[in-house]
Amino acid sequence: MLLAFTFTAGAVTASANDLKWDLTDADTWGSITFAGGTYSYATDASTGGTNLLTFCFDTDGTKYDTSNKTLRINSVATVGDDGIPTANYIKFTIPAGYSCIFQAGYNVTKNAGSYKVGSDDAVSLPKSWTDTSIDKDDTQDRDVYIYLTKCGTQNKAGIKYVTMTNNTSTYTYVVNASVNGQTQKIAASEEAQGYNTNIKVPYQRFILDGTTLYEAKATSNSYNYTFTLGQGDNISDDNVQTETIEYGTAAYENVVFYAEGEAIEGMTENTSFSNVGNRASNAAVGVCADTVKVTTLPVGTYTIGVKLFGSVSSFKAFYGDTEITWDDDTQIKAQGLPTATITLTGETAINVTSGESGGIDFIYIQTEDAETITAETEYRTFCSADKAIDFSNSDLKAYTAAYDESQNAVVLTEVQQVPAGTGVILYNADYANTTKFTVDVIESASELSGNELVGLTAKTTVKYQEVDSEATSTYNYLLNNGAFYYPVEDGVSVAAGRAYLATTKNVKTSEAKSIKIIFAGTTGINSINAAAQNGKIYNLQGIEVSEPTQGLYIKNGKKIIK
């Protein structure tokens, strides 16, 4: 924590554990009194004269440089017989128990500037702006003097900032993991420790959030988070230092199980294998000479990944009594991350043994019977290239779409199962709060009738009008913000996994540049108004909403805004 403090007649008033005087904080100064005389600051760095301190600063209060952003004295100091300056100098005091870092220098080509701490011998100022550190003294205050020993046309001794830290302070700490916008505590100190104590906290490589495994990268091949107590701007007034590890990468989706090896019941934690303290996730592995049950899985198809460590020639894994055959056996010998896909016909236990000379770093299991879909808006188009999807167990709803000329609208009809390669519209009623959904993957699904959506399995340029070999025109429309629009004449590039509407009806006119969408059984707001007289709340598509979020709704035939 860095707090402003004041100079009074050359001395600092210590009022907090950590103190900083920064020359960018110009508004608190005005006229400044120092032991060497009374001077005022000026924004003109070239201002000269006997006994003049020049104080210049940036208007944004954050930047300064060697030419005009310092507190300077332009005159040679008067030094007494005891070596202490008596005129023309800058002075501040380091209180007992404080260490100090200050940045000072001078603008000359020869050794003309000095600084002096208490009765110690004077030390030459650096020719460039360099941090100078002074260790703490628990017994007495120490005066620091900045001054010129020689003076020429361009000689100006100066100082940019002073930072002081109370080394007698103690600190506690909390280490959090930031996962998908949420914070969870992963470590905390059991007792307060002294300033400048180096802390090392092991951390997991992955954290499971829902069905997504998020990864925090290693730092120099190490899964240890290191920091120093009392350093940084993340310290509260009661000296609690908060550190955060970012888990920003979604590494694996559709994960149904994840565990660190050392956390699996029946395994023994090992931190002594060579390099395990640095390179292993959480700086530890799990070891088991006998077979240990990891978890039990229901019917389905799964991919299992196991990160190994040490000498793992004895490593084996089983589903039930069947040994798992790995996709690449060399990954076991290389202490890598072997994976395998298994199909279970009944509830089955997953068992492993590592042997005594090696360990299991972590295990993850993904279901191949599920797909994660992201829907960040209320409506989006969707197409799965190679998987049939069942939406019946998801809050994310799927619809076919077809243009109805009588209503001049695209009518959406809900479906539960969607075959691979088929375009649909997805509706997310709670898009403001939920954007990821897990849906079931099924072996196959029947073709959808009356669907004018074309699913894209590759990136495609969609043009407004296409004419086939029989001179039949098809008109294409793209979904945007809950309505369909015709693309520009040259076409629009649409990504794989999306869909567009293809109809034989040409509705492009100068008056109508978009086509509204409605749900089957409604005719837009008017039909909702006629039906919704029962006190229930509906969205503009005629769907009942139990807990409406921000937006426009219909209640008892009237529009309401939430």
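No value in this document is a laboratory result; all are computed from the given coordinates. The structure presented is a predicted model; accordingly, all values stated were derived computationally and were not measured. For neighbour counting, all protein chains shown are included, and Cβ atoms are generated from backbone atoms with ideal geometry for every residue, glycine included.
Taking amide H atoms as placed 1.01 Å from N in the peptide plane, the amide H of THR219 lies under 5 Å from those of ASN224, each 5 or more residues away in sequence or on another chain.
Note on ASN278 and ALA432: the extension gain reaches 51.4 nm, defined as 0.36 nm multiplied by sequence separation minus the Cα-Cα distance. Taking other C-beta atoms within 10 Å as the exposure proxy, TYR364, TYR319 rank TYR319, TYR364 from fewest upward. Using 0.36 nm per residue and subtracting the Cα-Cα separation, the extra length available between LEU337 and ALA520 on full extension is 60.9 nm. Ranking ALA289, PRO202, TYR247 by Cα position along the charge dipole of region 196-350, where only Lys, Arg, Asp and Glu carry charges on their C-beta atoms, puts ALA289 farthest toward the positive end.
Please state the charge dipole magnitude for region 400-471, taken about the Cα centre, from unit charges on C-beta atoms (+1 on K and R, -1 on D and E), reported in debye and rounded to the nearest 20.
The dipole of region 400-471 has a size of about 400 debye.
Quote the relative contact order of region 370-511 in percent (integer), defining contacts as alpha-carbon pairs under 8 Å separated by 6+ residues. Please list the in-between numbers first.
Numbers: 343 pairs, mean separation 40.8, N = 142.
About 29 percent, as a whole number.
Of all DSSP beta bridges confined to region 170-252, the antiparallel ones make up roughly 75%. Residues in region 313-331 near a label at SER357, defined as backbone nitrogen under 11 Å from the 7 Å Cα→Cβ point? So the set is 313-315.
Put simply, the Cα atoms of region 459-510 extend 31, 27, 17 Å along their principal axes, the longest span coming first. Think of each Lys and Arg Cβ as +1 and each Asp and Glu Cβ as -1; about the Cα centre, that makes the dipole of region 187-311 roughly 600 debye.
Based on the Kirkwood radius over alpha-carbon pairs, what value in µm²/s does the Stokes-Einstein equation return for the translational diffusion coefficient of region 170-252 at 10 °C and 1.306 mPa s? Could you put the intermediate results ahead of the total?
Values: Rh = 13.5 Å.
Translational diffusion coefficient: 118 µm²/s.
If you find the alpha carbon centre of region 203-266 and of region 274-351, how far apart are they in angstrom? Distance between centres, Cα-based: 22 Å.
Looking at this model, which pairs from LYS116/LYS136; LYS185/LYS217; LYS217/LYS307; LYS217/LYS459 are more than 22 angstrom apart at the alpha-carbon?
Working: LYS116/LYS136 15 Å; LYS185/LYS217 18 Å; LYS217/LYS307 15 Å; LYS217/LYS459 32 Å.
Result: LYS217/LYS459 exceed 22 Å.
For region 263-345, the set of GluC sites (Glu not before Pro) satisfying both a DSSP loop assignment and a count of at most 14 other C-beta atoms within 10 Å is given as GLU265.
Listed here are the pairs LYS397/LYS463; LYS397/LYS436; LYS397/LYS505; LYS463/LYS505; which of them are more than 19 Å apart at the Cα?
From the list (LYS397/LYS463; LYS397/LYS436; LYS397/LYS505; LYS463/LYS505), the Cα-Cα distance tops 19 Å for LYS397/LYS463; LYS397/LYS505.
Of VAL144, VAL117, the sequence from fewest to most neighbouring Cβ atoms within 10 angstrom is VAL117, VAL144. Ignoring aspartates and glutamates fewer than eight residues from LYS293 along the same chain, the ones with Cα atoms less than 14 angstrom from its Cα are GLU260, GLU262, GLU265, ASP321, GLU323, GLU347. Residue order for VAL492, VAL175, VAL439, VAL285, fewest other beta carbons within 10 angstrom first, comes to VAL492, VAL175, VAL439, VAL285.
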